[in-house]
Amino acid sequence: MLDDKELENLQSPEQEKSMISRRKLLASLGMAGVALASSGLVNGAISKAYADPAENRTKVKDLMKGSTVTGPSTTTLTPNLKLKQTDPLDSLDVNGNFEMIDTEFGKRAVSPDYYKVGTDFDDTDCVQAAFDSGRPVIFTRNYNVKSVKMTGSDQNIDFNGYWLFGISESTDTEAMRDCVLAISGLYLNLYNIRVGAGFKPYKCGIHWVSIGVGRPAEHIKVYGLQVNRCLVGIQYGAYLDDPNPLDVPQSENFIFGIHFRAVQNCLILNQPNGVLKIIGGLFDCSPIEWDSVPSSPYSAANAYCFYAKESSLSIDACEILKVASTEGYGFKGNNFTLNNCSIEVASTWGYIDGNATITQDDAGYQGGITNNLFEIAPGAEGRLNLNVFYAKRAAGFDSAAYIINGLAAAPKFRVNIDKSYFSEWTANKVTSARRENVYLQNTRFTKVVSGVTYESNINDQDRNLNIAASVDTTGENMSAATNTNQKSDWNMYVYTGTGTVYFRKNTADVPAGFRSCIELKVTSGISYIYSSRFPVLGGASLVFSGWAKYTAGTSEQKVSVVWVDAANNVAGEDLMVLADLSTTEWRRVAKSVTAPASAVSAYFQIVGSGGSILVTGLGFTVEGDTAQHASLINQMNAALNVAGEGLILKSPNNTSYKITVSDAGVLMATAYP
């Protein structure tokens, strides 16, 4: 038998190479060894040997000498990775258990430290090896890298609350200064991604880029992503200076939860045929922390939350912030959708060069009172849709800024505004040019002046009642004779001048959708024509709309509405069309106006001077419901300024007739009244 002294001698230095001490065994296993000891495999076996008879101690002695203990080998892993003990104990059996543990944990996840060699500060190689392993990867600490790339397929990678810090310097290669992390894999599931570029000279923090036409970086889901301290947070696709971006379907990509801090340009998309959807998070391009960087390259004028140059971008339930500067833009580009976002941008909100939609933005605020809200790029084509849109500015300031600017240089661009609210804006500031290119529905404007809130509601919908429907505003019932005689319900007044003067129906030059217009020509002096009257409700909020154009002339050429009170006196005049006119194209003009409280009727007046002015489709719609909406007959009768006692029609010579029907179904027209 082996006594205690002999057992101690088994662990003498000269025998160390051929034996396994419990201390070294545990040290070689690390935490796994501690687990084994606590489970009793090693410690329990030895303890049992001391307590058991001498023959059991002999088995332990043989084990420590490296001898094989004969007997059945029954050690296996249970489902919860605990080890079963064998009796007698077998060294080969123990090693087999270690291999099984290593294999099992390798299947589940691997840490970059599994591949770490040495204690160097640079973790680039071990992190890249973990990404390349194809195994699930889980971070167990912060890692310092120059640049690493995810190229795997169907792989799970979890940063586990830790960071990937960039450490490249200007002396490193261009490839090492491209990005801290490149995402180029397929069917990846990425969790808790945190990338800090540390203000190092990287082109971007994350470069989401496809390897080639046959290997797009697609079907990738990111659950939590944060990028800090770099000029460009995420570059999606090619860089902006790439003349030939790779055309590849980099799509089916999602980010659930995103956050940017100390980033000049949070997100840039330049990926033809690409799609990216983001749900929840914060875009903030403020200069926070950049002030402490020597010779900081940060530029407030060049900062923006996103630039969608190429790719389809969808952002839901995010905050879009640029609050520290009125320079530049909050976002740029085309083919993007913002839904249910909070937008707080001190500068112009968006520079738009194509289709874009913003829906249900809440808490919208523009800090720069002198900035236009949206700028349309010269030559842009497409449509900007603002739906259930809210934008507010500080109260108590006058501003020359517009909601939409740039349409003068983008004649093919259109804007739709629906169910929206503009606080501290007035309706005449909808656009700086081409009001006909902007279509408003159910949109409210309020502005506080000297403590009083002024409100207007604009609705360009054609289905509203036109209270000027009794007036021939298209010239359809006029003759084409070039003289000053009464035509339809219009008359002419020749004020000054001896040149050619006439008005008539014109069918040769009309806007799309119209068959005729009214042409007024006055080659010298000033003359005007005026329509028959139509009833109005004093103090009513109305919307004027119409089409106009001129061939030549002075600034006196205009269209006005003249208000008349119950005593047939002029109660006021509002200019509807003046600077809106163009010599090269028809333009639609829409303006809100409030009838004087004393007004009971109104008429249109068109003034000509030194040329020709062409007008068609003039109308007034009522903001909100009135009694005149009660029935079709009441609407028609009210427009004709007659009581509701039947259907009253007017002939081209302005004679009113009452239409009745007999019991036999025969229609009869009787002069009225």
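If I filter the stretch 211-224 for residues that are within 19 Å of the chain's Cα centre (by Cα), surrounded by 22 or more Cβ atoms within 10 Å (Cβ to Cβ) and over 19 Å from I193 (Cβ atoms), do I get at least one hit?
No.
Out of the strands (runs of 3 or more DSSP E) lying entirely within the stretch 433-544, which hold 2 or more residues that are farther than 30 Å from F374 by Cβ?
Fully inside the stretch 433-544 and qualifying: 490-494, 501-506, 517-531.
Out of all the residues in the stretch 121-169, which are closer than 20 Å to N228 by Cβ and polar (S, T, N, Q)?
If the condition is that a residue be closer than 20 Å to N228 by Cβ and polar (S, T, N, Q), then T124, N142, N144, S147, N160, S168 are the ones that fit.
Looking only at the stretch 411-428, decide whether some residue is under 23 Å from A300 (Cβ atoms) and either at pLDDT below 95 or not acidic (D, E) (or both).
No: zero hits.
Going by the structure shown, is D362 charged (D, E, K, R), farther than 27 Å from E436 by Cβ, surrounded by fewer than 22 Cβ atoms within 10 Å (Cβ to Cβ) and within 10 Å of the chain's Cα centre (by Cα)?
The answer is no for D362.
Check the stretch 332-353 and report whether any residue there is farther than 18 Å from N416 by Cα, out of contact with any Gly (no Cβ under 9 Å at 6 or more places or on another chain) and of a type in the set (S, T, Y).
no
Just name the residue that is modelled with the lowest pLDDT out of those in the stretch 591-607 that are over 19 Å from S531 (Cα atoms) and of a type in the set (G, A, S).
My answer is S592.
One line per residue, one yes/no per condition, for (1) within 21 Å of K505 (Cα to Cα); (2) in contact (Cβ under 8 Å) with a residue 40 or more places away in the chain:
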{"site": "L542", "(1), (2)": "no, yes"}
{"site": "Y550", "(1), (2)": "yes, yes"}
{"site": "W563", "(1), (2)": "no, no"}
{"site": "V577", "(1), (2)": "yes, no"}
{"site": "F604", "(1), (2)": "yes, yes"}
{"site": "I613", "(1), (2)": "yes, yes"}
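Among the residues of the stretch 241-261, write down those that are free of Cβ contacts under 8 Å to residues at least 60 places away in the same chain and in a strand (DSSP E or B).
Listed by number, the residues that qualify are N253, F254, I255, F256, G257, H259, F260, R261.
Can you name the condition, by its number, that T326 falls short on among (1) part of a strand (DSSP E or B); (2) free of Cβ contacts under 8 Å to residues at least 60 places away in the same chain?
(1)
Are there any pairs, at least 6 apart or on different chains, whose C-beta atoms fall under 7 Å, with the first in the stretch 648-669 and at pLDDT 75 or above and the second of a type in the set (F, W, Y) and surrounded by 13 or more Cβ atoms within 10 Å (Cβ to Cβ), and if so, which?
As it stands, the answer is L649/Y657; S651/Y657; S656/Y672; Y657/Y672; K658/Y672; A669/Y657, since those pairs meet every condition given.
Could you say whether any residue in the stretch 342-351 is over 15 Å from the mean Cα position of the chain (by Cα) and assigned to a loop (DSSP other than H, G, I, E, B)?
yes
Based on this model, can you work out whether G396 counts as outside the structural domain of S582 (by TED's automatic domain parsing), outside any strand (DSSP E or B), in contact (Cβ under 8 Å) with a residue 40 or more places away in the chain and farther than 26 Å from G617 by Cα?
yes
Among the strands (runs of 3 or more DSSP E) contained in the stretch 107-219, which hold 1 or more residues that are over 26 Å from P249 (Cα atoms), among the aliphatic types (A, V, I, L, M) and modelled with pLDDT of 95 or more?
Those strands (runs of 3 or more DSSP E) span 143-145, 164-166.
So which residues in the stretch 370-393 are of a type in the set (F, W, Y) and not in a loop (DSSP other than H, G, I, E, B)?
If the condition is that a residue be of a type in the set (F, W, Y) and not in a loop (DSSP other than H, G, I, E, B), then F374, Y390 are the ones that fit.
How many residues, within the stretch 550-570, are crowded, with 21+ Cβ neighbours inside 10 Å and farther than 19 Å from G525 by Cα?
Total satisfying the criteria: 2.
Give me the residue from the stretch 283-299 that is closer than 21 Å to F374 by Cα and either at pLDDT 95 or above or basic (K, R) (or both) and, out of that set, surrounded by the fewest Cβ atoms within 10 Å (Cβ to Cβ).
S299
Please go through the stretch 507-535 and give me each residue that is surrounded by fewer than 16 Cβ atoms within 10 Å (Cβ to Cβ) and of a type outside the set (G, A, S), ordered by number.
If the condition is that a residue be surrounded by fewer than 16 Cβ atoms within 10 Å (Cβ to Cβ) and of a type outside the set (G, A, S), then T507, D509, F514, R515 are the ones that fit.
The values are calculated or read from the model by the stated rules, or taken from the named source; none is laboratory data. Worth saying up front: this structure is predicted, and the values here are computed from it rather than measured. Positions of Cβ are backbone-derived with ideal geometry, glycine not excepted, and every protein chain shown enters the neighbour counts.
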